Each structure stands twice: as C-alpha cells, then as structure tokens.
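Participant: Sharing a structure here in structure tokens format.
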Amino acid sequence: MNDERAEQALHQDTPLVELRAVDLVVVFSCACAALLLLGPFRWAPGAGSSAFVFAVFALGPLLIRTLETYGPRRRVVSFIADFWMLPVVSVGHGMLGPLVSAVTPGLKDARIVALDQHLFGAQASVVLGEWTPRWLMDVLLVCYYGHFLWPLALGCALYFAQRREAFDEYLLALGLFFACNFVLYTWVPAIGPRFFLHAAFPGSLQGLWLTPYLESAMLQPTFVRDCFPSGHTGAALLVLVYAWRFERRVFRVAFLPVLGLIAATLVGRFHYATDLVCAVPLVVGAVGVAAVWSRWARGSLARQVPWDVIVRS
C-alpha cells in the first residue's frame, strides 16, 4: 500500500515539498526553542521577541521549499532554501539570551576555570597571551573573524560545483553540531576568560595595528554566555574535515587561517582550553551521524523507499 501511494505521489501534477535533512534539524530545533519561550519560559526577559525569531526560522524551510514547487525552478529561491541554516545560526546565536536565562540563570565559569587548572595546570589564555608577539596577535584576530567566512566558502564551493550529496552531508553536520552546541550554551553558560579572568591579565590585548579595533568590536556582542563548548573551534574543524574529503583546494587555502582561528579563541581570551577540547566529540558525533544518514539516504533512494518522496538528504 505504501509503495502504491509513493508511486501515485511521483506522478501527481503538483510536486511534493522536498525537505532535506538539515531542514528537519532547523525546523525541529527552532520550533522547540520557540515553543519553550512561548510556554514555560515566557516569563524570561525578551522571550517574546526571541520566540518570534525562532518561529520564523522554523517556518522558513517549509515556506521556501514550497515556493520551489511552483513554476520553473528558481535558482535564487533554491539558493536561499539550501543556505537557510547559515543565517539561522548567525542570528539565532544572538537570540539565545532569554532561553539561557530561563534554563540556567547562573554562570559556570568558575567550574570551567577549576577544570582547566586541574587538567592543564594553568589558564591557557593567560599563558599564551604573554608569549604571543604583537604582529602575531594581529594575524590571529584577523583569522578569528573568518568564523563565518570559511563555512560559507566551503558551502559555496560544493554548491556551485554541483556536489549535491557532499553539500547536503556537510550542511547536515553543521546543523547537528550547532544544534547541540546551542543546547550546551543553554545548560553551561559561561562568559569566558576576557570577562571572568579580567583581573588575571595585565591589560588589553596588545597588537601592532589591528588588535585594538578588532578587540573592541567583540566587547559588546548581543550574547556573551557562549563559551562551552567552542562553536568557533567546532565549525572550523568541520570545515577542515569536509574540505579534506570533498574539496582539497579549499582545504589548502583554509588550513592555516583556520588553525589561526582556533588559536585565536585562546590567545584572544574568548575561550577556555576545556571549551576547545569538548568541541571535538561534538564534531566527531556530527560527522558520524551525517555520514550514516547520507549513506542511508543514498541506499534508500536507490530502493525507492517512500519516505524519500518527501524527505531527501
């Protein structure tokens, strides 16, 4: 019976909406955030506006994918649909404040500092800052601001090269990582060494020309309880993993700047060493789940499993 329905759906004049795996991650995670902020956490300051944004993000894939089904395929609409997750991550990060305030009101910096001291015998941001030459500080902070550049660059490289399966798997891994990353921001809020260990540093970051400007731009972000684990490190590692697997040209260009980005999370006083270490298992998990899903989707599509009529990875 299911096979007959799938066969009928394939021959309908009106095409079905095709949600990809990363769309499901975005819809589910953003819908959960919106419902929590509209329901049990509606008392949190700013809950209404954050709930509205997350609701828009959750509806986005459903609406944009629907537009794809009308008339000839529109490249702009398809591009927006395929890259919808990236603005969701960028803007959604700044809307986490009410959710974090409701779930975990207190900061966890003291525990992370104690764990760093136990594991490494020192605070990495304090030690590395003393050893970093001024010219290198400029370079590392420039690398730090490439956080959103490299995920977008690799995504565009795979997209315009028409590496559809690789592109979908890559975006799914990013989506899974950031979904887990934001949940941990909610459970383990921390403001990082630049604020919590302020007294341990001799002064502001010292560079040659660019450091004062780059540092000042990060002093008043929309959301600061975002240290554990390091999203910068996780996203950077995902870029290297998938660039190595699918687009070696991007890997060769991005390798050193991405390593500089990861180093800058410590030297720039943004993260504790534990934040970087704990990002690694999230990356491994996201890559593993995305790879398994991708293989399953390819196999099920070949067997014409009915679910793939509606959801495609």
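Participant: Give me the pairs, please: first residue somewhere in the range 52-65 and without any contact (Cβ under 8 Å) to a residue 24 or more places away in the chain and on the phi > 0 side of the Ramachandran plot, second residue anywhere and of a type in the set (V, I, T) and crowded, with 19+ Cβ neighbours inside 10 Å, beta-carbon distance under 6 Å, and either six or more positions apart or on two chains.
Facilitator: Cβ pairs passing all conditions: none.
Participant: Next up: Can L256 be described as in a helix (DSSP H, G or I), open to solvent by less than 30 Å² (accessible area, probe 1.4 Å) and either among the aliphatic types (A, V, I, L, M) or at pLDDT 95 or above (or both)?
Facilitator: Values: in a helix (DSSP H, G or I): yes; open to solvent by less than 30 Å² (accessible area, probe 1.4 Å): no; either among the aliphatic types (A, V, I, L, M) or at pLDDT 95 or above (or both): yes.
Considered against the rule, which asks whether it is in a helix (DSSP H, G or I), open to solvent by less than 30 Å² (accessible area, probe 1.4 Å) and either among the aliphatic types (A, V, I, L, M) or at pLDDT 95 or above (or both), L256 comes out as no.
Participant: With the condition kept exactly as written, say whether any residue in the range 167-181 is assigned to a helix (DSSP H, G or I), open to solvent by 60 Å² or more (accessible area, probe 1.4 Å) and free of Cβ contacts under 8 Å to residues at least 24 places away in the same chain. Talk me through it step by step, then tell me what you get.
Facilitator: Restricting attention to the range 167-181, the residues satisfying the condition of being assigned to a helix (DSSP H, G or I) are 167-181.
Narrowing further to those that are open to solvent by 60 Å² or more (accessible area, probe 1.4 Å): 180.
Filter once more, so that each one left must be free of Cβ contacts under 8 Å to residues at least 24 places away in the same chain: none.
No, the range 167-181 has no match at all.
Participant: While we're looking at this one, here's another question. Determine if the range 65-74 includes at least one residue that is surrounded by 15 or more Cβ atoms within 10 Å (Cβ to Cβ) and closer than 15 Å to L171 by Cβ.
Facilitator: Within the range 65-74 (the criterion being surrounded by 15 or more Cβ atoms within 10 Å (Cβ to Cβ) and closer than 15 Å to L171 by Cβ), the answer is yes, since at least one residue qualifies.
Participant: Taking the options L107, L115, L128, L96, name whichever one is surrounded by fewer than 20 Cβ atoms within 10 Å (Cβ to Cβ) and closer than 30 Å to A51 by Cβ.
Facilitator: Working: L115 fails: closer than 30 Å to A51 by Cβ; L128 fails: closer than 30 Å to A51 by Cβ; L96 fails: surrounded by fewer than 20 Cβ atoms within 10 Å (Cβ to Cβ).
Exactly one residue qualifies, and that residue is L107.
Participant: Among the residues in the range 229-245, are any at pLDDT 95 or above and exposed (fewer than 15 other Cβ atoms within 10 Å of the Cβ)?
Facilitator: Yes, the range 229-245 has at least one match.
Participant: Another question, if that's okay. Of the conditions (1) over 16 Å from L86 (Cα atoms); (2) touching a Phe, Trp or Tyr at 6+ places or on another chain (Cβ under 8 Å); (3) not basic (K, R), L237 fails just one. Which one is it?
Facilitator: Every condition holds for L237 apart from (2).
Participant: OK, next. Taking only pairs six or more apart or across chains, which ones have beta-carbon atoms under 6 Å, a first residue in the range 141-157 that is part of a helix (DSSP H, G or I), and a second residue that is of a type in the set (F, W, Y) and open to solvent by 20 Å² or more (accessible area, probe 1.4 Å)?
Facilitator: So the pair list comes out empty.
The values are calculated or read from the model by the stated rules, or taken from the named source; none is laboratory data. Just so it is clear, the model here is predicted, and its values are computed rather than measured. As a convention, Cβ positions derive from the backbone with ideal geometry for all residues, glycine included, and neighbour counts pool all protein chains shown. The accessibility values were calculated without ligands, DNA or RNA, using every heavy atom of the protein model including side chains. Shrake-Rupley method; radii C 1.70, N 1.55, O 1.52, S 1.80 Å.
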